[in-house]
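Below is one structure, written out as structure tokens; comments come after it.
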Amino acid sequence: MAKIVRNGVSLHHSTLGAGRNVVLIHGLGANHGFWAPRLLLPLARRYRVILIDLRGHGLSSMPKLGYSVSDFAEDVLCQLDNLKVQQADIVGHSFGGMVALQCAVMAPERIRSIFLADTRVRSLEPMSAEETPPESAIITRKLEEVGLVIPAGEKEAGLWLLEQFASPRKEKAREQLQQSEPFIPFSAKEGGNKSAKRWLELLENTSLREEISRFDQPSREALAAVRQPTMAMYGESALTRESLEGLQRYLPHFCSMILPGAGHFFPLTHTDIFLQTLMGFLDGLTELRKEERLLMQFAVQVAQDGKSIFLGRTLNVSSGGLLVEGRVRLKMAEQLELKALSHKGESLPPLLGRVVRIDEDTMSNLYRFGIALFPTEEDWTRQTVLCQSRNTDPITPVTQDASNIPP
């Protein structure tokens, strides 16, 4: 990752791919690693993806003060300056969506479009919802079963839960929930104790907890002035419906989607449909230039018999996996550890995959392998996504068959 220093604060970011600039901003308690490789690989085919570590998170430093939404937004804009990015599409999950909106308010000429994933906008929804929808009641009962009872009158239920999940005293509860939920913050498979320890340090040693209560930016008046095309995606069981209704009311160029059966972390639990929706939104804004449509090809290495060997080059990338061409002979169902390198030498974290398809070209002695990336969901059934829109052309409901292997 690259580093810049702004007012004594070290800020880290990384880039992947080429083309139009798309900035990804994680939520509170997370870091750039929130955006899993299954999501990044397809995005990097088509765009230049910029991953941000917010101050106090990931590899960025942790100052004592300066945790207003404007501080976070200025950090992002400063990093875009450092990368010489004149204009970018910006994507934010949870609190990252507030930062994305504030970037558009502070520097509207720099932001081409905004995509929000389950964002609670505090100027529209100052307190967590007191009435729990039926879908969320199921999650609430699961939390109560492991001893996580949200205190009555708690204004920041999300923040309270994050702190509980990070606490060493709640590790057992976290492990119990992990058996039934596809994603639990700070679980062993999602960063574990290291991320939890850093989140607790941020809460205990900085002004973040106090400044959380003043997260009223962007204001309603500022939102009404946002002219960028904006899309918001919310899980069916989200507790942030008041924010969605407010965005529909204030933003002039806004559309939204409700994802059935999804909770707060659907970019990870429903990656395929999230990715399809995001890319459909981005591609629908303007006609992409020819150079922005170039396929990002990756050189792929695999570990075999204890050695790292060159497998080949990718012909296609999707959120489900890779289609790779090479001369190494693999076996059906063989499990692999892959290392992907772009043509610019950029490296991705190691990926786990399984061979699900083999085609042999006897004339050229080449093999084509369909490699599914973990985690796979083989029993994933077809999903229909309910859409809502306002002041834009209606979005056609999307049907996604996630079991398809890359063509």
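Stokes-Einstein diffusion for region 32-103 at 20 °C, viscosity 1.002 mPa s, with a Kirkwood radius from C-alpha pairs, works out to 163 µm²/s.
Sorting the segments 229-236, 94-101 by their residues' average number of neighbouring beta-carbon atoms within 10 angstrom, most packed first, yields 94-101, 229-236.
Considering only protein heavy atoms and a probe of 1.4 Å, how much of the accessible area of region 184-244 is carbon and sulfur, as a whole percent? Heavy-atom surface of region 184-244 belonging to carbon and sulfur, 1.4 Å probe: 47 percent. Residues whose amide H lies under 5 Å from that of V23, counting only those 5 or more places away or on a different chain, are I50, D89, I90, V91; hydrogens are built 1.01 Å from N in the peptide plane.
Between the amide H of G312 and those of V300, distances stay under 5 Å, these residues lying 5 or more places away or on another chain, with hydrogens modeled in the peptide plane.
In this structure the amide hydrogen of G321, modeled in the peptide plane, comes within under 5 Å of the amide hydrogens of L373, none closer than 5 places in sequence on its chain. Each principal axis of the Cα atoms in region 4-127 has its own extent, and those three values, largest first, are 38, 32, 29 angstrom.
The values are calculated or read from the model by the stated rules, or taken from the named source; none is laboratory data. Since the model is a prediction, treat every value here as computed from it, not as a measurement. Note: ideal-geometry Cβ built from the backbone for every residue, glycine included; neighbour counts use all protein chains shown. When the accessible area is computed, the model is the full protein with side chains, heavy atoms only, and any ligands, DNA or RNA have been set aside. Shrake-Rupley method; radii C 1.70, N 1.55, O 1.52, S 1.80 Å.
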